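Quick notes on the structure that follows.
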Amino acid sequence: MGINDKINNAATEHLGAAKEGAGKLTGDSTLKREGQQDQAQAKLQQAGEKVKDAAADITGNIKDAARKLKEGFTDK
């Protein structure tokens with residue numbers, strides 16, 4: 001996950017929490033729901049970024065294993 005993505009997701013999550021809190025304090029159920037939605041969106045984006053990172057790690061591991069396998073055949 002890139003640093004910009006992390007910052008954006010964290011900001012969205014914290015702003016969502018602030019909206020939710022303000023909605024609770026003022027009795028504004030629309031603002032409260034909006035804050036909850038913002039937090040859920042940020043968490044979903046974080047999960048998506050983690051999936052992309054994991055896929056990149058797997059791809060790197062497969063390439064590394066293929067290289068080692070190839071080296072094992074060519075060294076003999």
Checklist entry - With respect to the numbered conditions (1) more than 26 Å from the chain's Cα centre (by Cα); (2) open to solvent by 90 Å² or more (accessible area, probe 1.4 Å), which one is the sole condition not fulfilled by ILE58? => result (1)
Checklist outcome for this item: Within region 61-76, the residues that are in a helix (DSSP H, G or I), open to solvent by 80 Å² or more (accessible area, probe 1.4 Å) and at pLDDT below 85 are PHE73, THR74
Next on the checklist: Testing ASP38 on (1) modelled with pLDDT of 95 or more; (2) open to solvent by 50 Å² or more (accessible area, probe 1.4 Å); (3) within 17 Å of the chain's Cα centre (by Cα), one condition comes back false. Which one is that?
Outcome noted: (2)
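The values are calculated or read from the model by the stated rules, or taken from the named source; none is laboratory data. As the structure is a computational prediction, the values presented were derived from the model and not from experiment. Keep in mind that these areas ignore ligands, DNA and RNA; they rest on the heavy atoms of the full protein, side chains included. Shrake-Rupley method; radii C 1.70, N 1.55, O 1.52, S 1.80 Å.
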